[in-house]
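J.: This is the structure I want to talk about, given as structure tokens.
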Amino acid sequence: MFLYNVSVIAEETIHREIVSWIEDNIVQSQKFQVHFLEMLQSPHEGMTYCIQVVLLSEEHITDFQQVHLIPLQQLISESYKDKVFLFDSTMKYLKK
């Protein structure tokens, strides 16, 4: 099993718009179980959020990326360039 994490760092002036989009387009997903968190005491300026999904295989990660990550990246590049930064990471569970 894998934990796929997408961290989103947004300027305070637009973070509510990003949160709303993520809630409407990713958190409500019927295909994936998504956990949406706000990072407290972030070392970054602005607001930091994490989208976390537990997936069974790397193929499922690719599927999540196609369905959700690419549209989020497109939104950021078209509407929020230089105001939102995101990065993703994949972790493998060592024990259940």
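J.: How far apart, in nm, are two points set 7 Å out from the Cα along the Cα-to-Cβ line at residue 87 and at residue 33?
T.: With each label point 7 Å from Cα toward Cβ, the separation is 2.8 nm.
J.: Could you work out how far apart the two model spin labels at residue 79 and residue 58 are, taking each label as a point 7 Å from the Cα in the direction of the beta carbon, and quote it in nm?
T.: Inter-label distance under the simple model: 3.4 nm.
J.: Summing +1 for each Lys or Arg and -1 for each Asp or Glu, what net charge is found among the other residues whose Cβ lies under 15 Å from the Cβ of residue 30?
T.: Overall, the nearby charge balance is -2.
J.: For the pair residue 16 and residue 1, how long in nm is the line joining their label points, each one 7 Å along Cα→Cβ?
T.: 3.7 nm
J.: Please compute the contact order of the stretch 15-73 in relative form: average sequence separation of alpha-carbon pairs under 8 Å and at least six residues apart, divided by the residue count, as a percent.
T.: 27 percent
J.: Right, something else. With n ≥ 4 as the cut-off for DSSP H runs, can you work out [θ] at 222 nm for the chain, using -39500 (n - 2.57) per run divided by the number of residues, rounded to the nearest 500?
T.: -7000 deg cm²/dmol
J.: Another question about this same structure. Name the most mobile residue of 23, 45, 12, meaning the one with the largest mean-square fluctuation, in a Gaussian network model of the chain with Cα contacts below 10 Å.
T.: Between 23, 45, 12, it is 45 that shows the largest mean-square fluctuation.
J.: May I ask which residue of 84, 18, 55 lies farthest towards the positive end of the charge dipole of the chain, with charges of +1 (Lys, Arg) and -1 (Asp, Glu) on Cβ and the Cα centre as origin?
T.: Going by the charge dipole, the pick is 55.
J.: Another question, if that's okay. Starting at the first residue of the stretch 80-85, write each ³J(HN,Hα) from the Karplus equation 6.51 cos²θ - 1.76 cosθ + 1.60 with θ = phi - 60°, in whole Hz, x for Gly and Pro.
T.: Along the stretch 80-85, the couplings run 9, 4, 6, 10, 9, 10 Hz.
J.: Additional query: In a solvent-free Debye calculation with one equal scatterer on each Cα, what is log10 I(q)/I(0) for the chain at q = 0.18 Å⁻¹, listed in the order of the q values?
T.: The Cα Debye sum returns log10 ratios of -0.82.
FYI, it's all coordinate maths here, none of it is from the lab. This structure is a prediction, so every number in the text was calculated from the model and none was measured. Quick reminder, even Gly has a Cβ in these numbers, built from the backbone with ideal geometry, and neighbours come from all protein chains shown.
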